[in-house]
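The values are calculated or read from the model by the stated rules, or taken from the named source; none is laboratory data. Since the model is a prediction, treat every value here as computed from it, not as a measurement. Counting neighbours? That spans all protein chains shown, and the Cβs are built from the backbone with ideal geometry, glycine included.
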Amino acid sequence: MKRVLQAGLAVALAASPAAASERHFTYTYESAVLSPGLREIEPWSTFRLGKSEPYSAFDSRIEAELGLTDRLQTSLDLNAGAVTEDTPAGRSSSTELEGISSEWKLKLSDPVADRAGSALYAELSAGPSQVELEGKLILGGRRLYVRRCSGCHTLILPQAHAPDEWPVLVDAMAEKARLKPAEREDVVRFLVAVSSDEPKPPRR
């Protein structure tokens, strides 16, 4: 298991240096893509404790991203997990490679150059027990939200409120943030779309 992860990480890091870009909301999808030839590695780790009996689990995901064109980005993910728990036969520990994922993102409009960013997103995941295909349309008023709403308070994660709460909250802050009607609509569309999504933690 360790050799598989080490080999995957070595392949992802080979060929050219990598650089990190800023992601404002870690568990949400953004419409921006990496520049052509740019590579990034994103490790995700979650440690879990709980249940009625002694139990611990460590979920790990290594995501290698690559910019293909100025509008297209792809990535390959390795998903692994380790569990220690008490069973009728005694305490047991197991580690397994849970599967791989291939992600593709096509940028339709730029979140910086255009008024709002948008992109098409597809992800195919395969493991020993299941195969999953996921598709999304990503809409962005993220740039406006980050620039206008961070001046007075810390940015709020979109999932902190239900989708039907955001229009009222934005209306209450629109004048202070100096949002024009069209800008207000962009911010609301972004927050409603993202808050309707489940956060994306590493797969179990």
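Pairs under 7 Å by beta carbon, first residue closer than 13 Å to Glu30 by Cα in the range 135-160, partner at pLDDT below 70 and exposed (fewer than 11 other Cβ atoms within 10 Å of the Cβ), six or more apart or different chains?
Arg143/Val112
Only one of Glu22, Glu63 is modelled with pLDDT of 80 or more, under 30 Å from Arg189 (Cα atoms) and acidic (Asp, Glu). Can you tell me which? Please lay out each step first, then the result.
Values: Glu22 fails: modelled with pLDDT of 80 or more.
Of the residues listed, the single one that is modelled with pLDDT of 80 or more, under 30 Å from Arg189 (Cα atoms) and acidic (Asp, Glu) is Glu63.
Output the residues belonging to the range 166-199 that are in a helix (DSSP H, G or I), free of Cβ contacts under 8 Å to residues at least 24 places away in the same chain and either exposed (fewer than 15 other Cβ atoms within 10 Å of the Cβ) or among the hydrophobic types (A, V, I, L, M, F, W, C) (or both).
Result: Val168, Leu169, Val170, Asp171, Ala172, Ala174, Pro181.
Do we find that Leu133 is hydrophobic (A, V, I, L, M, F, W, C) and modelled with pLDDT of 85 or more in this structure? Working first, answer last.
Details: hydrophobic (A, V, I, L, M, F, W, C): yes; modelled with pLDDT of 85 or more: yes.
It is true that Leu133 is hydrophobic (A, V, I, L, M, F, W, C) and modelled with pLDDT of 85 or more.
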